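To start, the structure itself, in structure tokens.
The values are calculated or read from the model by the stated rules, or taken from the named source; none is laboratory data. All values reported here derive from a predicted model rather than from experimental measurement. The protein model used for the area step is the full one, side chains on, heavy atoms only, and it has no ligands, DNA or RNA in it. Shrake-Rupley method; radii C 1.70, N 1.55, O 1.52, S 1.80 Å.
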Amino acid sequence: MSTCRHCCKKTGVTEAEQPVVYWDASTLVSALIVDVHTARALATAERPVVHLVSTLAYAEVVAAIARAESLRRLDARRAKAARRLLRDGPWRRLMLQPDWVVINTLAAQSRLRGADLWHLASVSTLTRQLPEVRLFSFDDRLAAAAAGLGLGL
């Protein structure tokens, strides 16, 4: 039995056999700051899977926390806790660049906004090495586009 840092603990399944979940910013924010999706985000964070977060999702979430704090929607203590959880949570950070051709192809098919297109193209590109990767998003358009490609969680 193999275990990884935050997940796969005592499941009897090797890390290589674990499902892989790519978190977009919407799901990360819900795991860090209480909202209508928090219960589902936290339940997913507890699943024995490999959890991935890209530099783009990380940047989007750090900016969202800072914005919420500056607008006083999040007090300093909760903002600090959210940053700590983002840093220390179950996510593995990825330096990732989606394939240029995949970006162009998906742009023509999906009509997604830039960051959402980037996330979908990243997951699609990742399937070359990790065919089990699935995109986890609370954004309706992004989730539908991922589901349409068989990449939704």
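Between 31, 63, 108, the residue with the greatest mean-square fluctuation in the GNM of the chain (Cα pairs under 10 Å linked by springs) is 108. Across 125, 105, 44, mean-square fluctuation computed from a Gaussian network of the chain (C-alpha pairs under 10 Å connected) peaks at 105. In the chain, the portion of solvent-accessible area held by carbon and sulfur atoms comes to 55 percent [1.4 Å probe, whole percent, DNA, RNA and ligands not counted].
Averaged over its residues, region 28-107 has an accessible area of 61 Å² per residue, based on protein heavy atoms and a 1.4 Å probe.
Between residue 137 and 153, the built amide H atoms are under 5 Å apart, and every one of these is 5 or more places off in sequence or on another chain.
Out of [x] 10, 31, 22, 9, 8, 7, 5, 4, 3, 2, 0; [y] 11, 41, 36, 10, 2, 0; [z] 11, 40, 34, 14, 1, which label holds the value of P(r) over Cα pairs in 10 Å bins from 0, in percent that was computed here? Among [x] 10, 31, 22, 9, 8, 7, 5, 4, 3, 2, 0; [y] 11, 41, 36, 10, 2, 0; [z] 11, 40, 34, 14, 1, the one calculated here is [z].
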